[in-house]
Amino acid sequence: MFFVATAGELARLAGAWTAGRDARSAGVCLAYVDAADLDPAQLLELDTLATGHDPVTVREALLTPAREIGGGAALTPGALAQGTEEQVVLAVRTALYRQLGLSTDARLTELAVRWEACSWGGDWSCGRYLELLRGLAMLSELATRERRGVYVRFDV
């Protein structure tokens with residue numbers, strides 16, 4: 001699930017999710033896009049395709065904070081990720097969500113075609129990628145307007 005949140009909301013969400021509760025119990029009304037069975041590797045592919053940044057740099061920016069914070073450490077407002085045994089929440093890089101928020105539908109369609117072509121997962125089609133990209137573009141606009149971050153929660 002991709003969602004937008006402030007640092008304070010993210011901390012409340014992490015506490016609620018760790019305790020097995022939902023966002024409403026944390027007092028947070030989430031704007032989100034269902035990521036279905038998207039995995040972290042696909043997020044890395046998307047970021048690299050959309051931004052043109054080096055894959056190693058993208059991987060380190062996304063995954064290093066999850067390793068550093070994990071193990072039940074408290075989530076601080078400046079933290080990028082919270083990891084548990086059941087789930088991981090990663091920050092979507094600002095470069096990616098701003099790129100998507102500024103993209104035209106034609107650019108999103110082109111990106112979906114390229115993402116499908118380089119993806120090694122057979123369960124995702126171009127149409128499914130495009131639907132996700134359109135949702136992420138809307139979340140990006142909301143995040144930018146409300147000065148929030150974009151995050152993704154993976155259940156692992």
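A few remarks follow.
- Test result for ALA117, assigned to a helix (DSSP H, G or I) and open to solvent by less than 10 Å² (accessible area, probe 1.4 Å): no
- Residues of the stretch 103-143 satisfying the condition of being among the polar types (S, T, N, Q) and either within 23 Å of LEU63 (Cα to Cα) or touching a Leu at 6+ places or on another chain (Cβ under 8 Å) (or both): SER103, THR109, SER119, SER140
- Residues located in the stretch 123-156, provided they are part of a loop (DSSP other than H, G, I, E, B), open to solvent by 70 Å² or more (accessible area, probe 1.4 Å) and within 13 Å of ASP39 (Cα to Cα): ASP123, VAL156
- Unmet criterion (only one of (1) in contact (Cβ under 8 Å) with a residue 12 or more places away in the chain; (2) in a loop (DSSP other than H, G, I, E, B)) for LEU43: (2)
- Per-region count, the stretch 19-33, residues open to solvent by 50 Å² or more (accessible area, probe 1.4 Å) and not basic (Lys, Arg): 7
- Scanning the stretch 82-112 for residues that are of a type in the set (A, V, I, L, M, F, W, C) and either at pLDDT below 90 or over 16 Å from the mean Cα position of the chain (by Cα) (or both) gives VAL88, VAL89, LEU90, ALA91, LEU102, ALA106, LEU108, LEU111, ALA112.
- All positions within the stretch 22-47 that are under 27 Å from CYS126 (Cβ atoms) and either among the small types (Gly, Ala, Ser) or in contact with a Cys (Cβ under 9 Å, 6 or more places away or on another chain) (or both): ALA31, ALA35, ALA36, ALA41, GLU45
- Against the test of being open to solvent by less than 50 Å² (accessible area, probe 1.4 Å), assigned to a loop (DSSP other than H, G, I, E, B) and modelled with pLDDT under 85, the options ALA36, ALA79, ALA66, ALA16 yield a single qualifying residue, ALA79.
The values are calculated or read from the model by the stated rules, or taken from the named source; none is laboratory data. The shown structure was predicted, so the numbers you read here are calculated from the model rather than taken from an experiment. Cβ atoms come from the backbone with ideal geometry, glycine included; neighbour counts cover every protein chain shown. Just so you know, the surface numbers come from the protein's heavy atoms only, side chains and all, with ligands and any DNA or RNA stripped out. Shrake-Rupley method; radii C 1.70, N 1.55, O 1.52, S 1.80 Å.
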